[in-house]
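Report on the following structure.
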Amino acid sequence: MANTTTSPKGKDENRTNAPIEKAKDVASHVMDKTKDVASQVMDRTKEAASSVGDMVSNAASNVGKSAENLTTSAGSGIRNLGDTLAQKAPHEGMLGDASQAVAKTIQEGGRYLEEAGLSGMADDLTGLIKRNPVPAVLIGLGVGFLIGRALRS
């Protein structure tokens, strides 16, 4: 006849393995919770980074618009100065010709600032540098040298 009774050794193994299994379950549960919390933290961090990025983008856009508005205002002021100079400066003789030429140049410069703005000036400067790269580099070196000398003194 077969022995159907369980040996005491089998019960001891079950008792020994029970705390280990329970620890594994607890560890698994803790890992799952940790993953959930980490996922939530990542989601919130992404949202915060996106919000900060939007705020920085908006601030940069506002600064750009303000700079553009200031450039247009400066252009208007310069053009008005040219108009005033053209009206009050002499109109005849060599001095009149020179003063009218200066007034016209000031008016055109102011009009350019009003119409092109800061972005138009940047585009024009980029085009000029692309058409004349060697002189642009030499001018940059010269300006850098002068700034370096001024800062050293």
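Odds and ends about this structure:
- Close Cβ contacts (under 7 Å, 6 or more residues apart or on different chains) running from residues in segment 126-153 that are more than 29 Å from Ala116 (Cα to Cα) to residues that are of a type in the set (Ser, Thr, Tyr) and at pLDDT 90 or above are absent.
- Every residue from segment 102-153 that is aromatic (Phe, Trp, Tyr) and closer than 26 Å to Ile78 by Cβ: Tyr112
- Near pairs, Cβ below 9 angstrom, 6+ apart or cross-chain, from segment 63-75 (under 7 Å from Leu113 (Cβ atoms) and in a helix (DSSP H, G or I)) to any residue that is at pLDDT 85 or above and among the basic types (Lys, Arg): Gly75/Arg111
- Between Gly142, Gly127, Gly148, Gly120, the distinction of being under 28 Å from Glu68 (Cα atoms) and either modelled with pLDDT of 90 or more or among the aromatic types (Phe, Trp, Tyr) (or both) belongs to Gly127 only.
- Unique match (being more than 20 Å from the chain's Cα centre (by Cα) and surrounded by 10 or more Cβ atoms within 10 Å (Cβ to Cβ)) among Ala67, Ala103: Ala103
Per-residue answers, yes or no, for (1) within 30 Å of Ser61 (Cβ to Cβ); (2) surrounded by 12 or more Cβ atoms within 10 Å (Cβ to Cβ); (3) among the small types (Gly, Ala, Ser):
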| position | (1), (2), (3) |
| --- | --- |
| Leu118 | yes, yes, no |
| Ala122 | yes, no, yes |
| Pro133 | no, no, no |
| Val137 | no, no, no |
| Arg152 | no, no, no |
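- Looking only at segment 1-38, and only at residues there that are modelled with pLDDT under 55 and not hydroxyl-bearing (Ser, Thr, Tyr), the one that is farthest from the chain's Cα centre (by Cα): Met1
- Qualifying residue in segment 71-90 (condition: under 29 Å from the mean Cα position of the chain (by Cα), surrounded by 12 or more Cβ atoms within 10 Å (Cβ to Cβ), at pLDDT 80 or above and not hydroxyl-bearing (Ser, Thr, Tyr)): yes
- Considering segment 106-116, and only residues there that are under 30 Å from Ser61 (Cβ atoms) and among the aliphatic types (A, V, I, L, M), the residue that is farthest from the chain's Cα centre (by Cα) turns out to be Leu113.
The values are calculated or read from the model by the stated rules, or taken from the named source; none is laboratory data. What you see is a predicted model, and the numbers here were worked out from it, not measured in a lab. Glycine gets a Cβ as well: all are built from the backbone with ideal geometry, and neighbour counts include every protein chain shown.
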